[in-house]
1. Have a look at Leu28, Leu17 and point out the one that is part of a helix (DSSP H, G or I) and within 12 Å of the chain's Cα centre (by Cα).
2. For residues that are surrounded by fewer than 14 Cβ atoms within 10 Å (Cβ to Cβ), within 16 Å of Ser14 (Cα to Cα) and of a type in the set (A, V, I, L, M, F, W, C), tally how many sit in segment 93-108.
3. Take the residues in segment 51-108 that are of a type in the set (D, E, K, R) and in contact (Cβ under 8 Å) with a residue 60 or more places away in the chain, then tell me which one is nearest to Glu36 (Cα to Cα).
4. Got at least one residue in segment 44-56 being surrounded by 12 or more Cβ atoms within 10 Å (Cβ to Cβ), among the polar types (S, T, N, Q) and part of a helix (DSSP H, G or I)?
5. Within segment 76-88, how many residues are open to solvent by less than 80 Å² (accessible area, probe 1.4 Å) and touching a Leu at 6+ places or on another chain (Cβ under 8 Å)?
6. So which residues in segment 70-108 are within 15 Å of the chain's Cα centre (by Cα) and among the hydroxyl-bearing types (Ser, Thr, Tyr)?
7. What number of residues in segment 14-48 are at pLDDT below 95 and in contact with a Leu (Cβ under 8 Å, 6 or more places away or on another chain)?
Amino acid sequence: MLIEQFKKKNEYYSNGLKKDIDEQLDELRSEYEANESVVPEFNDFVASIKSQLGDAESTKLEEFAARFAKVSQTARNGVDAMWELSHNQRKLISESHMDYEEFEYLYK
């Protein structure tokens, strides 16, 4: 049956994509979690040496720390976006499966 072939191909590609997304999410989350303490550690370091620097150097270092914190937030947003993609892919697989079941039921 043609519908069964479409269903199998859809499941094959959807499950492959889900696997790839989940692997990327796990890798991204793992990398982020391994490095998320870097920004607070850097901020502590900046605070500890700030008094030893001139005003211009201190300002530059604080600006760099702020940009560094934004990079960290961007990484966090990337992890969250990948999780959202994974969640949406799981929903699509489930909805697609229900659509095929409904279609098979209606046209048997």
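The values are calculated or read from the model by the stated rules, or taken from the named source; none is laboratory data. As the structure is a computational prediction, the values presented were derived from the model and not from experiment. When we count neighbours, we look across all protein chains shown, and the Cβ atoms used for this are built from the backbone with ideal geometry, even at glycine. Surface areas here come from the heavy atoms of the whole protein model, side chains and all, with no ligands, DNA or RNA. Shrake-Rupley method; radii C 1.70, N 1.55, O 1.52, S 1.80 Å.
1. Working: Leu17 fails: within 12 Å of the chain's Cα centre (by Cα).
After applying the criteria, what remains is Leu28.
2. Matching residues across segment 93-108 total 1.
3. Initial filter on segment 51-108 (of a type in the set (D, E, K, R)): 55, 57, 60, 62-63, 67, 70, 76, 80, 84, 90-91, 95, 99, 101-102, 104, 108.
With in contact (Cβ under 8 Å) with a residue 60 or more places away in the chain added as a condition, the list becomes 90, 104.
Numbers: Arg90: 27, Glu104: 48 Å.
For segment 51-108, the residue satisfying everything is Arg90.
4. So far as segment 44-56 goes, no, none of its residues is surrounded by 12 or more Cβ atoms within 10 Å (Cβ to Cβ), among the polar types (S, T, N, Q) and part of a helix (DSSP H, G or I).
5. 4
6. Hits for segment 70-108 are Ser72, Thr74, Ser86.
7. 2
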